[in-house]
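Down below is the structure, laid out as structure tokens.
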Amino acid sequence: MAKGKNQFVGTAGQYYVCYELARRGIHASLTIGNAPAVDIVAARADGSRSLSIQVKTSNSAYRRRRYGREGCEWDVGAGAIGKHSATLWYALVDLQASSGKPPRVFIVPSFWVSEFVLPTFSRKVFFLPATAWELTEARWDRLVACLDDAAEVADFTNHWPEERLVRWGVPRGRYPPLAIEEPHQRR
């Protein structure tokens, strides 16, 4: 896809996330490229607490079978490696452009993305298996809880649910049997 069209895809995702936040009474401001690792700053109505959101958008993120599992995949870039905070979240948007269905948004802690993406990947992507969708799809409540400084969301932001996610470099017997293929090896 031409660079210009990719820009519109990313912009559509950012505005969609801002819309969903505003619907829930959360102030949301686009950084419009002024903050390289943050697309949206979200804040409580009284301004007492804020969080940062990195939005990654795909026209079609769904993969019927990738790394031995069904899931969705987004390009996240090298900036995701090792960068995480309890107040930095990813909103992973699948526009589902060819299906005519409304966009799907997965709210994911930055810890998950920073742990998944390795410097050795030739293409820096994050894969979210279908087994983790119920934890993340349309979970705007997690962002609200983060803004409310709820203890349960603090635990979620630093927890890696091994039974639901794929992690590279873990011996095969540790997870359910998978035919794992790293992103830089697929064709």
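The values are calculated or read from the model by the stated rules, or taken from the named source; none is laboratory data. Everything quoted here is computed from the prediction, not taken from an experiment. Cβ coordinates were reconstructed from backbone atoms using ideal geometry, including for glycine residues, and neighbour counts include every protein chain displayed. Side chains included, ligands, DNA and RNA excluded: accessible areas come from the protein's heavy atoms. Shrake-Rupley method; radii C 1.70, N 1.55, O 1.52, S 1.80 Å.
Quick notes on this structure:
- Of the residues Arg44, Arg23, the single one that is of a type in the set (D, E, K, R) and free of Cβ contacts under 8 Å to residues at least 24 places away in the same chain is Arg23.
- First in the stretch 87-98 and in contact (Cβ under 8 Å) with a residue 12 or more places away in the chain and within 18 Å of Ala145 (Cα to Cα), second anywhere and surrounded by 24 or more Cβ atoms within 10 Å (Cβ to Cβ) and among the acidic types (Asp, Glu), Cβ under 9 Å, 6 or more apart: Ala91/Asp39
- Among the residues of the stretch 39-49, those identified as at pLDDT 95 or above and either under 17 Å from Val93 (Cβ atoms) or of a type in the set (A, V, I, L, M, F, W, C) (or both) are Asp39, Ile40, Val41, Ala42, Ala43.
- Condition check for Leu135: in contact with a strand residue (DSSP E or B) (Cβ under 7 Å, 6 or more places away or on another chain) and modelled with pLDDT of 95 or more: no
- Take the conditions (1) in contact with a strand residue (DSSP E or B) (Cβ under 8 Å, 6 or more places away or on another chain); (2) more than 18 Å from Thr157 (Cβ to Cβ); (3) not hydrophobic (A, V, I, L, M, F, W, C); Gly79 misses just one of them, which is (1).
- Sole residue being at pLDDT 95 or above, more than 21 Å from His159 (Cβ to Cβ) and part of a strand (DSSP E or B), chosen from Val93, Val108: Val93
- The single condition from (1) open to solvent by 60 Å² or more (accessible area, probe 1.4 Å); (2) of a type outside the set (Asp, Glu); (3) within 20 Å of Lys5 (Cα to Cα); (4) in contact with a Phe, Trp or Tyr (Cβ under 7 Å, 6 or more places away or on another chain) that Val125 fails is (1).
- Test for Ala151: is it exposed (fewer than 15 other Cβ atoms within 10 Å of the Cβ) and more than 20 Å from Thr57 (Cα to Cα): yes
- Residue list for the stretch 24-36, filter: open to solvent by 50 Å² or more (accessible area, probe 1.4 Å) and part of a strand (DSSP E or B): His27, Ser29
- Test: residue in the stretch 158-174 that is assigned to a loop (DSSP other than H, G, I, E, B), at pLDDT below 50 and more than 30 Å from Ser48 (Cα to Cα): yes
- Which numbered condition Gln96 misses (of (1) within 18 Å of Leu143 (Cβ to Cβ); (2) over 11 Å from the mean Cα position of the chain (by Cα)): (1)
- Residues (under 15 Å from Phe106 (Cβ atoms), part of a loop (DSSP other than H, G, I, E, B) and open to solvent by 30 Å² or more (accessible area, probe 1.4 Å)) located in the stretch 37-83: Ser60
- Of residues in the stretch 1-19 being under 19 Å from the mean Cα position of the chain (by Cα) and either over 20 Å from Val76 (Cβ atoms) or among the small types (Gly, Ala, Ser) (or both), the one least open to solvent (accessible area, probe 1.4 Å): Gly13
- Residue within the stretch 111-119 that is among the hydrophobic types (A, V, I, L, M, F, W, C), in a helix (DSSP H, G or I) and open to solvent by 60 Å² or more (accessible area, probe 1.4 Å) present: no
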